[in-house]
Amino acid sequence: MRFKGLDLNLLVVFDALMETHSVTRAAERIGLTQPATSAALRRLREFFGDPIVVAVGKRMHPTPFAEALHPQMQQALRGVERAIATPSTFDPATSTRRFRIIGSDYIMVAVLVPLIERFACTAPGVRLEIIQPNEHSVAELEAGRADLLVTPEPFLASWHPSEVLFEEEQVVVGWAQNPIFARGLTENDFYAAGHVTVAFGADRTPAFADSTLSRMGRERLVEVTVGSFASAPWFIEGTPRLAVLHERFVRQIARRFNLAWAPLPFDFPKMQEMMQFHQSRTGDVGLDWLRQQMREVAAEVA
């Protein structure tokens with residue numbers, strides 16, 4: 001099929017070349033012979049008037065034009081893929097659909113673990129794939145490689161629909177034998193202690209509480225920074241260190257670690273935990289059902 005003179009099958013070849021940087025591997029990915037893939041590359045070059053990929057040593061590297069074009073082509077292909085793969089009806093009792101959710105280990109503990117327990121009875125064939133957030137999370141949603149992004153409001157993409165999953169308090173967490181919890185945590189106690197903070201991805205994006213505290217202007221003594229919420233208790237138990245974590249998460253992990261917690265000794269905003277999906281997924285009945293299940297579980301946990 002052609003669209004404005006372009007064979008649309010070439011878009012699949014273009015995407016595979018951009019992902020693999022190799023004619024051979026692109027051919028394997030899309031099920032073509034290497035000569036057929038090379039011929040498709042020649043046709044792409046002729047149509048766009050650009051080399052698309054060039055050989056540097058033993059690898060093919062995209063041209064600047066191809067790099068700029070790729071996100072748009074990906075979005076078009078993922079839209080077609082979703083349109084074909086998404087059924088018009090959804091029966092959770094018989095569905096074997098897999099949902100890919102980008103969410104932290106906090107969301108896993110607070111919502112997704114009880115959600116899977118619910119599915120054992122109501123949707124035994126439904127599967128979840130949980131992806132840790134990083135600096136590419138919005139791009140993953142944009143490219144169709146995730147169904148749902150669960151994140152605090154400041155980290156949303158403004159151009160896609162979102163909704164509140166729940167509101168969350170932040171609490172100060174420490175070792176249960178730390179005397180400051182018995183006598184009553186003060187602001188001076190908080191800032192005098194060493195702290196454990198959480199940051200995600202290669203860009204080390206701080207968690208909601210840590211980024212909010214940084215903006216408040218008073219410096220903390222950060223002794224340890226970890227890449228997940230679940231790592232923090234290992235650096236707290238048996239020490240005078242503190243961390244600021246989500247209350248739902250703390251209530252779950254406190255049963256497994258010897259921890260105590262208290263409200264922050266100063267005013268601190270509530271966090272709005274949001275669910276976001278791609279604009280093109282509006283009307284996806286399976287995704288609508290999943291979001292409703294998550295809202296119900298979040299309300300029950302609260």
Within the stretch 146-155, which residues are without any contact (Cβ under 8 Å) to a residue 60 or more places away in the chain and either among the small types (Gly, Ala, Ser) or part of a loop (DSSP other than H, G, I, E, B) (or both)? Ala146
Could you tell me whether the stretch 237-246 includes any residue that is part of a helix (DSSP H, G or I), over 19 Å from the mean Cα position of the chain (by Cα) and either in the same structural domain as Ile107 (by TED's automatic domain parsing) or among the basic types (Lys, Arg) (or both)? no
For the stretch 160-208, give me each residue that is aliphatic (A, V, I, L, M) and closer than 30 Å to Thr282 by Cα. Val164, Leu165, Ala207
Check the stretch 277-296 and report whether any residue there is within 15 Å of Ile107 (Cβ to Cβ), touching a helix residue (DSSP H, G or I) at 6+ places or on another chain (Cβ under 7 Å), at pLDDT below 95 and not in a loop (DSSP other than H, G, I, E, B). no
Among what's in the stretch 127-145 and is part of a loop (DSSP other than H, G, I, E, B) and within 18 Å of Arg281 (Cα to Cα), pick the residue that is modelled with the highest pLDDT. Arg145
Would you check if Val250 is closer than 30 Å to Glu219 by Cα, assigned to a helix (DSSP H, G or I) and more than 20 Å from the chain's Cα centre (by Cα)? yes
Candidate set: the stretch 177-203, residues that are loosely packed, with under 14 Cβ neighbours inside 10 Å and either under 22 Å from Val109 (Cβ atoms) or of a type in the set (Ser, Thr, Tyr) (or both); chosen: the one modelled with the lowest pLDDT: Gly201
In the stretch 99-111, anything touching a helix residue (DSSP H, G or I) at 6+ places or on another chain (Cβ under 8 Å) and without any contact (Cβ under 8 Å) to a residue 60 or more places away in the chain is listed as Ile101, Ile102, Gly103
Here's a check for you: in the stretch 15-38, which residue that is in contact with a His (Cβ under 8 Å, 6 or more places away or on another chain) and modelled with pLDDT of 85 or more is farthest from Leu69 (Cα to Cα)? His21
Mind listing just one residue for me: the one in the stretch 204-218 that is basic (Lys, Arg) and under 29 Å from Val138 (Cβ atoms) and, of those, surrounded by the most Cβ atoms within 10 Å (Cβ to Cβ)? Arg204
Taking first residues from the stretch 156-175 that are assigned to a loop (DSSP other than H, G, I, E, B) and second residues anywhere that are of a type in the set (Lys, Arg), the pairs with Cβ under 7 Å that are 6 or more apart or on different chains are Glu169/Lys270
When you go through Glu273, Glu247, Glu237, Glu223 one by one, which is the residue that is in contact with a His (Cβ under 8 Å, 6 or more places away or on another chain), of a type in the set (D, E, K, R) and in contact (Cβ under 8 Å) with a residue 12 or more places away in the chain? Glu223
Restricting attention to the stretch 138-150, does a residue exist that is in the same structural domain as Asp284 (by TED's automatic domain parsing), in contact with a helix residue (DSSP H, G or I) (Cβ under 6 Å, 6 or more places away or on another chain), under 21 Å from Val198 (Cβ atoms) and not small (Gly, Ala, Ser)? yes
Only one of Leu41, Leu69 is of a type in the set (A, V, I, L, M), at pLDDT 85 or above and assigned to a helix (DSSP H, G or I); which? Leu41
Kindly establish whether Gly57 is of a type in the set (Gly, Ala, Ser), closer than 30 Å to His21 by Cβ, modelled with pLDDT under 90 and touching a Ser or Thr at 6+ places or on another chain (Cβ under 6 Å). no
Which of the following residues is among the charged types (D, E, K, R) and out of contact with any strand residue (DSSP E or B) (no Cβ under 8 Å at 6 or more places or on another chain): Glu169, Glu142? Glu142
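The values are calculated or read from the model by the stated rules, or taken from the named source; none is laboratory data. Note that this is a predicted model, so its numbers are computed, not measured. A quick note on method: Cβ atoms are made from the backbone with ideal geometry, for glycine too, and the neighbour counts reach across all protein chains shown.
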